[in-house]
1. So for the pair residue 26, residue 4, with labels modelled 7 Å out along Cα→Cβ, what separation do we get in nm?
2. Taking the Cα-to-Cβ direction at residue 13 and at residue 61 and moving 7 Å from each Cα, how far apart do the two end points lie in nm?
3. Listing 25, 43 from the residue with the fewest other Cβ atoms within 10 Å to the one with the most, what is the order?
4. Quick check: net charge around residue 89, other residues with Cβ under 15 Å of its Cβ, Lys/Arg +1 and Asp/Glu -1?
5. Could you give the length gained by full extension between residue 104 and residue 40, i.e. 0.36 nm per residue of separation minus their alpha carbon distance, to one decimal place?
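All of the numbers you see were taken from the coordinates with simple rules; none came from a lab. All values derive from a computational prediction rather than experimental measurement. With ideal geometry, Cβ positions are generated from the backbone for all residues, glycine too; neighbour counts draw on all protein chains shown.
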Amino acid sequence: PTTLASARDFWTLRYTSVLEDGSLVVCERSLSGTQGGPSMPPVPHFVRAEMLPSGYLIRPCEGGGSIIHIVDHMDLEPWSVPEVLRPLYESSTVLAQKTTMAALRHLRQIAQEISCDVVLGWGRQPAALRTFSQRLSKGFNEAVNGFTDDGWSLMGSDGMDDVTVLINSSPSKL
């Protein structure tokens, strides 16, 4: 962000799953009160941007490596910035350089951590922590999909290709 335009914030829900073939799927979309989910008031000095259905599919290749399919679909509310800066908020090239390339650098770091025996200063191995977080995510996803009778409801979607998400907005769960 510049001093000429407010920074952006997102209120998103992310779903991560490992498929049977070892592929990793990460889906993300903005939440809003109109979808039946909880709403979050805008943060002062930020403009609420919208992440439209987006995500990654990371497929392992035979012999090592991966193929990464990326879909970044965001609305950064370019109408709210001065006209001279608007191309920076409308350009998919600039967006890719700022967000997608940062994500790819992070994935490269993960690959290096897995291929090497990297140990962090506090004695933990990043790959072991990642495996633990994947187990937690899988348990969470199974819980969400298994408690439809306990107040969970289906969020609205725009079409057949959307990710199906269940939420529980009862006061005891917030």
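1. Taking the two extended label points, one gets 3.1 nm.
2. Rounded to a tenth, the inter-label distance reads 3.5 nm.
3. 43, 25
4. Summing Lys/Arg as +1 and Asp/Glu as -1 gives -3.
5. 20.1 nm
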